[in-house]
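We did not get these values from a lab; they are worked out from the coordinates using the rules stated. These figures come from a predicted structure and were not determined experimentally. Neighbour counts are summed over all protein chains in view; Cβ atoms, including those assigned to glycine, are modelled from backbone coordinates with ideal geometry.
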Amino acid sequence: MKHQTRLYHYMCVAFCLIVLGCKYDTDIPNPELYAKVYMPQAAESYSKHILQIADTAQTIIFGAAYGGPDYPKEDIKVKFKVDNDKVAEFNQNNGTSYMVLPAQSYTIDKFETQINKGALNSAALKIKVKTKDVLTPFVQYLLPISVESISGDVPLNEKLRTSYFLVEAQKDGMTIRVMSYGIKSGTVDMDAVAAVVNGFNPDFLVIREIDSKTTRSSGRDLPKILSGLINMPNYVFAAAQPFQNGDYGTVVYSKFPIIDSVKYQLKSTATEKGPVAIIKVKLKNQYDMIFAGTHLNASVAIRDPQATELYDLLAAYTNVPVILAGNFNDKATTGTVYQKFSTQFSFPCVTCPSNYPKASPTGNSDMLMFKPSDKFRVLNYTLGATSTSDHLPAVADLQFFY
């Protein structure tokens, strides 16, 4: 991936240095009046470079080009400089808060290059960026490179004098999709449920309000049937209560092998308890992760003690990343459950879109959360457009860092 990203940037810069300097076959009087030297990358507001945290330095290239209806009639020497004073100006003009790229994180072997007579672009200069133990992951840094001087009489295009290189260091990792979906009590059509799930193809899935071998499911093991329909063979069912000669509860699915699991029933004075399924999986045959699914009671008097019990259960997982999903029957940001879990977990968004009721959502019954925050990055959060219940499924794309 690092090599592909680096090759892509090389190709982009090469394209800029060559294509932007293309000439037209025209007969223009005094063509030298239209000629200017510029930095091709300055045509964009910034040149973004996502670098992996690595032991070896990674390369960013820059250079100069000659623009006009003719070719330079003599060599043009171009000298560059690091122009860090422009970071504050850039932030103020663009409403950003980028940090200055630390001086110890990069080296530039040469600040001078040349556009040869009859050529349109200079040889590329290299910025070698060190990431490990120098750059903070996910912090965006800005490095402005400006043309300091040029030789000869060709003027400099002042609007394209400075290129801004936006640098962000990321850890190596993988993308994970998590889905929480309440199918509605009494739903036995697993084909309909699978159609909703397969539209998102999640890696981790919580299905709530599902029957297992009950009379109304005609004795069928619905978690197992759904497993085959969604191609997620690894799952654990946690019963909320015995029901019609079978069980009713919550099931968690994983595309990754389950190496350990545990089930709980959170305390409740109601017949239906609070089901919790916790699985431990191994990613890439190397990295452990905990995924947990639950369904808390709608009654505040029952829900809040359940939330405390669940909070304490998951607080014990201190040395492994945890993703928790399910129906918490609480209000996002202002609810007591949300506020409690926000002291241990991070949420994918502060104002996540509401998913209940389906026709005109006003509440966030389904929630997704994760810990520790430095092991994850939120890529996307969305809701399904269809559902077998009055709850739209909630889906989050997370980047997990090893």
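Miscellaneous remarks
- Applying the Karplus relation 6.51 cos²θ - 1.76 cosθ + 1.60 with θ = phi - 60° to segment 165-171 yields 3J(HN,Hα) values of 9, 8, 10, 9, 9, 10, 6 Hz, where x marks Gly and Pro.
- Between 0 and 90°, nearest 10: helix 85-94 axis offset from the chain longest Cα axis: 50 degrees
- Summing Cβ point charges (Lys, Arg +1; Asp, Glu -1) relative to the Cα centre of the chain gives a dipole of roughly 720 debye.
- Peptides 178-186, 299-307 ranked from most to least packed by the mean count of surrounding Cβ atoms within 10 Å: 178-186, 299-307.
- Considering only Pro102, Ala42, Val281, the residue lying farthest towards the positive end of the dipole of the chain is Val281, judged by Cα position with unit charges set on Cβ.
- Taking the average, over residues, of other Cβ atoms within 10 Å as the packing measure, peptides 274-285, 92-103 rank 274-285, 92-103 from highest down.
- Angle of helix 2-19 to the longest C-alpha principal axis of the chain, folded into 0 to 90 degrees and rounded to 10: 40°.
- Summing Lys and Arg as +1 and Asp and Glu as -1 over all other residues whose Cβ lies under 12 Å from the Cβ of Gln114 gives a net charge of +1.
- Structure-based [θ]222 nm, the chain - -39500 (n - 2.57) summed over DSSP H runs of at least 4, per residue, nearest 500: -5000 deg cm²/dmol
- Globularity ratio of segment 116-182, using Cα Rg and 2.2 N^0.38 Å: 1.86
- Gyration tensor (alpha-carbon) shape descriptor, the chain, a/c threshold 1.5: prolate
- Alpha-carbon centroids, segment 99-155 and segment 347-397: separation in whole Å: 42 Å
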